[in-house]
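Chemist: Got a structure for you, questions after.
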Amino acid sequence: MWKLLLLCMLGVSNALGPAQFTLSPSGQMKVKIPADGFSKVAIHYNVNQELPGVTGSRFGQDLVTANGGFFEWQSTTQAKEGDTIHYWLWGEKNGQGETQTDLTGVIVSDHTTTQQPTPKPTSPQPIVTNKPVGTASPTQSGSGAVTAGLSTARHLGLTSGSMTKEVRTEVLGVQAEVDLVSWLVDQAIMVLVNNWEFQYYTNNRSNSYVKDGTLFIKPTLTSDHYGEKFLTSGSLALWGGSNADMCTSNMFWGCQRDGSADHPINPIQSARLRSTRGFTMKYGKVEVEAKIPTGDWIWPAIWMLPVWNAYGQWPASGEIDIMESRGNINYHDDKGVSQGHDSVGSTLHFGPGFPFDPYEKAHAEKHLTTGTFSDSFHKFAVEWDESMIRFTIDGEELLKTVPPQGGFWELGEFDKNQPGMTNPWRGASKMAPFDQEFYLIMNVAVGGIGFFPDTWSNTPSAKPWSDKSEFTARDFYRAKNQWYPTWNADNNDGEDAALKVNYVKVWKMKP
C-alpha cells in the first residue's frame, strides 16, 4: 500500500493549530487539532527532539475527517506524560495550503485541561497558487502514516491504496522563486560525491528558477557574472551569513578557490537542489517528469543519496541514480552506441569502500531510435521496497535489481573479487545499504573526470580535455568556441541547456 505525496509550495499562514496532546488511560497519545474551516490537515512531529522548519520528522499523520470542530487521532507512538512534542502542521482551507512550523506541545493526562503550545513567531507570507498539471480529481480513502518531512505544499491527493489511482498533481514550484523552504539549493565549489566537474553550484535565480510552472536548472558561464579576468586572477568565496548565501560544503575547495592561468576558477556556474528540507524516504516510489538539456559536456542528473551514511562513506551507504544523461548531440562510445541526449541511464552504486563499486551489475540504459530526451518531457521513476529496486521510464521497466539472500554483498561478488574485505552490511537486511532514508537531488553538472571517457568520440569537435591531465578545467574552457555554440545560449534565454522539471511525485509505502 502506498501514499502519494505531492511536492509543491505555498506560503505560510498563522491560522492553523495549535495541536493538543493528551495521554489516554491505556498509555496512547491522542492528538486534537482545531478544524477552523480546514478540510484536511497533516501533522509531522518528533518526541523530545527539536524539529526546525519543515525538516524531516520521525512521525507523521494525515487527517481528513473532522468531528465536532476538531481533527482527532490516537497514535501508537511510545510517549509518556510530560514529554515534549516538537511539530509542524500543514492544512488546506478553501483550496489553499497553509503551514505552521516550530511548534511545541506537552503531553498531559486525559484529565488535565491545560495545554502549552509555544509557536515560534512568524510573519505572514502571501499565498501563491500553483499551476495545476492534469485534470483528474483527488481521491480519498482514509488516512495513514505519511513520510516524514512533506514540503510546505498544497497537499492534494492524500491517497492510501493502489498506486494506480489518478490524482490531480501540481508542479514543484510556482511562477515565483524556487521553494527554498522545502529544497536546499547548494552553494558550493566542491560537493561530496563529485567527479571534479567544471561547475560550481550557486543559489542564484539565473541558474535555478521557475517559469510558467516549470523548474529550470540551467548552467551558465561564470565569466558572464564575474568577467573573463576573474577566472584566472580572482578569488571565488562562497562564505555567507544567511540561509540563502551560506556555503553548503566545507570540504577541500568547497567554499573558496583562487584562480590562476593553469587552474582557473570553475568556468561554469549551475544549480543543485536537494530535498533534505522537504522530504526523505525509505521504500516507495519517486517520479520526476523532466526534459533533458542539449549541449556538449552537459551532465544532468536526478538521483538520491542517504540522509546518514549508516554504513560508511561512499559507496558503502549507497547511491540511487534515477536518471543520468549527457547533453552531447553526436557522442558515441567505443562500440559506436550513441551516448548523447538520446540516451539515459539508471544505476545503483554500492560497495565496501572507494573504489570498489560494481555498478555495472545494477545499471541499464535507454537509447531512443528516433528523437531525443531533449525533445519532450519524460517520466523517470524509481520504486523500491524490502525486496527489490526498479527503474522505469514513461512507465516502461528499464532495470529491476533483486538482491540474492546474501544481499548486495553477494550481488557484488566481493568475497570473490575483494577477498579479505569487511562486509559493511553484515547483520543488516538484504536490501542494505538501500534500507535507510534517502533524499532526492536534481542538478546539472558539466564535464569532469570519468563520466565522459577519453576513448569515446564526439563530433564535430573532440573532447578538449584528458581525464589524466592536471589542467582539465583550463583545457575545457580554452575550447569554449567549440562546445559553447552547442548550448544555443543566444536563443530562448539559453534554456536549451537547462534541465526542465514539470513535477516531482513521491509515493510512501505504508508501514
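Since every read-out is calculated from the coordinates, none of them should be taken as a lab result. Treat the numbers as computed from the prediction; the structure is a model and nothing was measured. All Cβ positions, glycine included, derive from the backbone under ideal geometry; neighbour counts span all protein chains shown.
Chemist: Given +1 on the Cβ of Lys and Arg, -1 on the Cβ of Asp and Glu, and no further charges, what dipole in debye does region 272-509 carry about its Cα centre, rounded to the nearest 20? Numbers along the way, then the final one.
Modeler: Values: 24 positive and 32 negative charges, 100 e Å.
Charge dipole, region 272-509, about its Cα centre: 480 debye, nearest 20.
Chemist: Please compute the modelled spin-label separation between K416 and D110, points set 7 Å along Cα→Cβ, answer in nm with one decimal.
Modeler: Going from the D110 label point to the K416 one covers 6.1 nm.
Chemist: Continuing with this model, one more query. Taking the Cβ of E413 as the centre, find all other residues whose Cβ is under 13 Å away and add up their charges (Lys, Arg: +1; Asp, Glu: -1). Intermediate values should be presented prior to the final figure.
Modeler: Values: positive: K361, K416; negative: D357, E360, E410, D415.
Residues near E413 contribute -2 overall.
Chemist: Something else now. What value does region 17-106 have for Rg/Rh, both radii from Cα atoms and Rh as Kirkwood defines it?
Modeler: Working: Rg = 12.5 Å, Rh = 13.2 Å.
When Rh is taken as the Kirkwood radius, the ratio is 0.95.
Chemist: Report the FRET efficiency, 1/(1 + (r/R0)^6), for K229 and E81, where r is their Cβ-Cβ distance and R0 is 60 Å, rounded to 0.05. All intermediate terms of the calculation are to be shown ahead of the outcome.
Modeler: Values: r = 67 Å, r/R0 = 1.11.
Here the calculated transfer efficiency is 0.35.
Chemist: While we're here: Please list the non-local residues whose amide H lies under 5 Å from the amide H of T214, H modeled 1.01 Å from N, same-chain partners needing a gap of 5 or more.
Modeler: none
Chemist: Here's another thing I want to ask about it. Please compute the Kirkwood hydrodynamic radius over region 272-509, one decimal place, Å, based on all pairs of different Cα atoms. Write down the numbers at each step before the final one.
Modeler: Working: mean 1/r = 0.0531 Å⁻¹.
Across region 272-509, the inverse of the average 1/r is 18.8 Å.
Chemist: For region 415-423, take each phi angle, set θ = phi - 60°, evaluate the Karplus expression 6.51 cos²θ - 1.76 cosθ + 1.60, and give the result in whole Hz per residue in order, putting x for glycine and proline.
Modeler: Values, residue by residue: 4, 7, 8, 10, x, x, 6, 7, 7 Hz.
Chemist: Net charge within 11 Å of Y439 by Cβ-Cβ distance, Lys/Arg positive one each and Asp/Glu negative one each, not counting Y439 itself? Present the calculation step by step, with values, prior to reporting the outcome.
Modeler: On the way: positive: R274, R277, K282; negative: E437.
Net charge around Y439: +2.
Chemist: How much net charge surrounds V108 when only the other residues with a Cβ under 14 Å from the Cβ of V108 are counted, with Lys and Arg +1 and Asp and Glu -1?
Modeler: On the way: positive: K30, K32, K80; negative: E81, D83, D110.
Charge balance near V108 sits at 0.
Chemist: Can you list residues whose amide H is under 5 Å from V307's amide H, if they're 5+ apart or on another chain and H is modeled 1.01 Å from N?
Modeler: For V307, whose amide H was placed from the backbone, the distant partners under 5 Å are E437, F438, Y439.
Chemist: Taking the dipole about the Cα centre of region 272-509, with the C-beta of Lys and Arg at +1 and of Asp and Glu at -1, give me whichever of M323, G427, V344 is farthest to the positive side.
Modeler: G427
Chemist: Under the definition of Cα pairs under 8 Å and six or more residues apart, what whole-number percent is the relative contact order of region 272-509? Working shown, then result.
Modeler: Numbers: 521 pairs, mean separation 75.5, N = 238.
Answer for region 272-509 is 32 percent.
Chemist: Taking amide H positions as placed 1.01 Å from N in the peptide plane, with prolines and chain starts having none, which residues 5 or more places from D467, or on another chain, fall under 5 Å of its amide H?
Modeler: Those lying under 5 Å, H to H, from D467 are D454.
Chemist: When N counts the residues of region 294-416, how does its alpha-carbon radius of gyration compare numerically with 2.2 N^0.38 Å, as a ratio? The partial results should precede the final answer.
Modeler: Working: Rg = 15.4 Å, N = 123, 2.2 N^0.38 = 13.7 Å.
So region 294-416 has a normalised radius of gyration of 1.13.
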